[in-house]
Structure formats: C-alpha cells, structure tokens
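All remarks here apply to the structure that follows.
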C-alpha cells in the first residue's frame with residue numbers, strides 16, 4: 001500500500017491549487033458547463049464533476065473514480081492491474097471531457113480524449129485477449145493469483161487507485177489551468193507536442209499488442225511449439241508494448257506540464273506540490289514498466305537462452321529503446 005503521506009499530499013496540493021486560482025489571472029471556474037443538457041440527472045452529474053475536478057477535490061475525485069473501477073479486483077485479484085487500469089483511465093479521461101468548461105480548449109480536449117482512448121483501448125484489448133488467448137488471461141491462469149481474501153484486497157485497491165490518479169494528474173492540472181489564458185505560443189506548443197507524443201505512444205502500443213497476440217494465436221492454431229515473437233515492432237525493441245506505454249505517459253506528462261510551469265501566480269510550494277504529484281505518477285509507471293521488463297527478460301533468457309536465434313536477437317535489439 002502506498003504511504004499515507006501520498007494521500008495527504010494529494011489532498012493538500014489540491015486544496016492549495018484551488019486556493020491559488022485567483023493569483024493565476026484565470027477566469028473563475030463555472031459551476032457547470034452549459035453546453036449539453038443530459039437526461040436523467042446528467043446535468044447534475046456534470047455540474048458535480050466540474051466543481052470537483054476544478055477545485056480542491058480533483059485528485060481525491062480521480063482516486064474515487066479509479067477505486068470504483070478497481071472493484072473488479074473482488075472478482076479476480078489480478079484485474080486491479082489490468083481491466084481496472086484501463087477502466088480507470090477511461091473514467092478519468094471521460095470525466096475531464098464532461099467537466100471541461102465551454103468553450104472547450106482544443107488542447108485539453110485532445111489530452112483528455114487521449115487518456116480516455118488509452119483506457120478504452122487497453123480494456124477492450126484485455127477483454128479480447130481473455131477470450132481468444134486464455135493462456136494469458138484465462139481462468140486457469142488468473143484464479144491461482146487470487147491469493148488474498150476478497151475483503152482484504154481493499155487496501156491494494158485504494159493505494160492503486162491513488163497511484164492511477166497521480167498518473168493522470170497532469171490531465172487534472174491541465175483542466176484546472178485550461179485554456180491557459182495568456183499563455184505564450186511556446187507554452188501551448190509544449191502541450192501540443194506532449195499530446196502528439198502521447199498519440200504516438202498509444203498507436204505504438206496498440207500495434208505492438210496486436211502483432212504479438214496475432215503471432216501467438218497463429219502458433220496455437222497451427223499446433224506449433226511456442227516461440228518468442230521477433231518480428232514487427234519487436235524486431236527493434238524486445239518489449240515494444242512496454243515502450244509504447246512509457247511513451248504515452250511521458251506525452252501526457254508533457255501535455256500537462258504547461259499547467260505547472262505557466263502557473264507563475266502560484267506560490268512556489270504549491271507549484272512544487274503539483275510537480276511532485278505529477279512526477280510521482282510518471283516515476284511510478286517507469287518503475288513498474290522497467291521492473292516488468294527486467295523480469296520478463298530473465299524469463300526469456302531462461303526459456304530461449306540456448307537457442308542461437310535468440311542470441312542473434314539479443315545482439316540486434318534493445319530491451320526497450322528501438323535499435324536500428
């Protein structure tokens with residue numbers, strides 16, 4: 001479980017950001033976005049989201065969205081890091097799109113849309129893989145991972161939800177600063193470049209996932225012995241899907257960076273809290289992905305290390321960064 005100090009940090013920093021808004025020279029945040037009138041109380045939900053995400057409850061609200069998505073872990077414990085991960089980002093990105101004030105900033109819409117699309121793509125891919133590649137996500141593999149009784153999974157659910165909110169925090173800060181009134185073209189350019197990097201990472205990871213999965217499915221359909229996939233994007237990077245994820249979140253961080261750097265009216269300590277929150281999320285995903293890379297590298301060496309083809313593959317590729 002993440003330290004309690006991280007939760008205190010999210011609460012304190014969110015309150016600080018809300019209190020410091022008048023110093024930014026930005027227009028006051030409206031209570032609700034009067035663009036759409038939704039059925040069945042949707043307008044009230046929209047107003048609530050707008051108030052929560054634009055104010056001192058932004059990080060706790062995002063944590064709550066991720067925690068609600070994380071309840072899938074009560075079905076299978078491993079879902080907290082897979083299906084719930086995708087749903088959390090879909091939920092947070094969608095909430096920001098819904099809460100964004102009119103007229104909606106194109107850069108903010110692009111940023112939020114990318115986070116939502118990332119979550120939707122990941123969730124859909126994992127469901128598809130669970131159906132067509134049960135060796136990855138089938139009951140026979142996932143059920144033995146249910147090592148913690150259901151009610152005792154709550155602490156990991158909450159701590160993971162907090163991490164997901166920190167990972168998405170650049171988007172939350174982007175919402176609070178949008179449309180970066182008075183920002184220079186250079187500042188807006190950083191945000192646009194970050195969105196472009198995130199889009200590239202999203203596409204790269206999606207292609208890498210499909211290439212590897214299709215290869216494994218073809219092997220099983222033909223009754224062939226399992227082999228390591230060395231083609232496509234994996235011909236330069238041995239863990240291309242992990243690389244795509246790191247590129248995506250780096251882009252998201254850059255897309256939200258102007259909301260931190262351009263907040264000149266904020267006290268130094270408040271800007272530092274923003275930077276710490278966003279950096280914790282980015283550092284966390286880098287730690288997770290690089291650790292997973294090292295772990296998978298060890299398994300591959302153990303399984304394929306005696307093969308000459310694998311030795312050649314090691315020499316011609318990098319673990320993450322493409323080698324041309």
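Read-outs throughout are calculated quantities, based only on the coordinates presented, and are distinct from any laboratory measurement. It should be emphasised that the depicted structure is a prediction, and the values quoted were computed from it without experimental measurement. Methodologically, a virtual Cβ is constructed for each residue, glycine included, from the backbone with ideal geometry; neighbour enumeration extends over all protein chains shown.
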Calculated FRET value between residue 154 and residue 287, using beta carbons and R₀ = 30 Å, to 0.05: 0.80
Those residues of region 41-82 whose amide nitrogen sits under 18 Å from the label point placed on residue 104, 7 Å along Cα→Cβ: 42-54
Average Cα contact separation per residue, region 184-324, under 8 Å, 6 or more apart, as relative contact order %: 35 percent
For q = 0.17, 0.19, 0.26, 0.30 Å⁻¹, Debye-computed log10 I/I(0) when each Cα of region 265-305 counts as one equal scatterer: -0.58, -0.63, -0.80, -0.89
Virtual spin-label span in nm between residue 133 and residue 219, 7 Å along Cα→Cβ: 1.0 nm
Region 174-324: proportion of alpha-carbon pairs further apart than 21 angstrom, %: 55 percent
Residue 303-residue 323 FRET efficiency (beta carbon distance; Förster radius 30 Å; 0.05 resolution): 0.90
Cβ-Cβ FRET estimate between residue 272 and residue 187, R0 fixed at 22 Å, reported to 0.05: 0.70
